[in-house]
Amino acid sequence: MKIDFMAKNIVIFGFMGTGKSNVGRILSEKFGMEFLEMDDEIERREGSSISDIFEKKGEAYFRRCERRLVKELSEKENLVISTGGGVVLDERNISDLGRNGILICLDASPKSILMRTKSENHRPLLLTNDPLKKIEELLAYRRPFYDLIPNHVRTDGLSTEEVSEKVLGILERCGWRRDSP
Ligand code: S3P
């Protein structure tokens, strides 16, 4: 697939379990762009898993790692970036990434999120006795932050391919062109 201009990044936001990584990977393949998963990059730099960072250094430290990485990535081009679900909590992260990127937020209901995350245990914020309640609380608190993102795709009941198609539609409306199937 050939696209019109390659200067901008594609930045995928959304709550945990909304499919950011899978969709980001598909987009990066379609456009021949580099894929960058922020959590993976932070783990690589810190030499530690996200769970360990939260446990040993605390969430505030993790958020500082995210902030530092966002500043760097905002200066780069041709990346598909999958952000961590809480990156929106610092609004500067949204505006910085928006300077050089098309911002897309994937949305899902608390129940879909629970279905997609319940068999995984690498997300410290969801390791509670009542993850559904926790998801609902976090989503309610974060909604105004996610709402700052200009483009949204609802993912409930959709496959990764279907979500990617919807994102491609948004990109086309933003001026990206699909030249080949
Ligand atoms: C978090 C989401 C996680 C990870 C960390 C905190 C959050 O990323 O950054 O566990 O606060 O929503 P994913 O959204 O990729 O799961």
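Annotations for the structure displayed:
- Only one of the numbered conditions (1) closer than 21 Å to S21 by Cα; (2) among the basic types (K, R); (3) surrounded by fewer than 17 Cβ atoms within 10 Å (Cβ to Cβ) is violated by R173, and that is (1).
- Some residue of the range 164-171 being within 15 Å of the ligand (Cβ to nearest atom), assigned to a helix (DSSP H, G or I), touching a residue at least 24 places away in the same chain (Cβ under 8 Å) and out of contact with any helix residue (DSSP H, G or I) (no Cβ under 9 Å at 6 or more places or on another chain): no
- Residue match in the range 104-119 (condition: part of a helix (DSSP H, G or I), of a type in the set (D, E, K, R), touching a residue at least 40 places away in the same chain (Cβ under 8 Å) and within 14 Å of the ligand (Cβ to nearest atom)): yes
Rundown of residues vs (1) more than 29 Å from E165 (Cα to Cα); (2) at pLDDT below 95; (3) in contact with a strand residue (DSSP E or B) (Cβ under 7 Å, 6 or more places away or on another chain), yes/no style:
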{"site": "K30", "(1), (2), (3)": "no, yes, no"}
{"site": "L36", "(1), (2), (3)": "no, no, yes"}
{"site": "R63", "(1), (2), (3)": "yes, no, no"}
{"site": "G84", "(1), (2), (3)": "no, no, no"}
{"site": "S95", "(1), (2), (3)": "no, no, no"}
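- Any pair with Cβ under 6 angstrom, 6 or more apart, that starts in the range 31-59 at a residue that is outside any helix (DSSP H, G or I) and ends at one that is modelled with pLDDT of 95 or more and within 11 Å of the ligand (Cβ to nearest atom): F35/G24; E37/S21; E37/S82; S49/E43
- Verdict on L148 being within 16 Å of the ligand (Cβ to nearest atom) and either touching a strand residue (DSSP E or B) at 6+ places or on another chain (Cβ under 7 Å) or not in a loop (DSSP other than H, G, I, E, B) (or both): no
The values are calculated or read from the model by the stated rules, or taken from the named source; none is laboratory data. From a predicted model like this one, the values you see are computed outputs, not experimental measurements. Methodologically, a virtual Cβ is constructed for each residue, glycine included, from the backbone with ideal geometry; neighbour enumeration extends over all protein chains shown.
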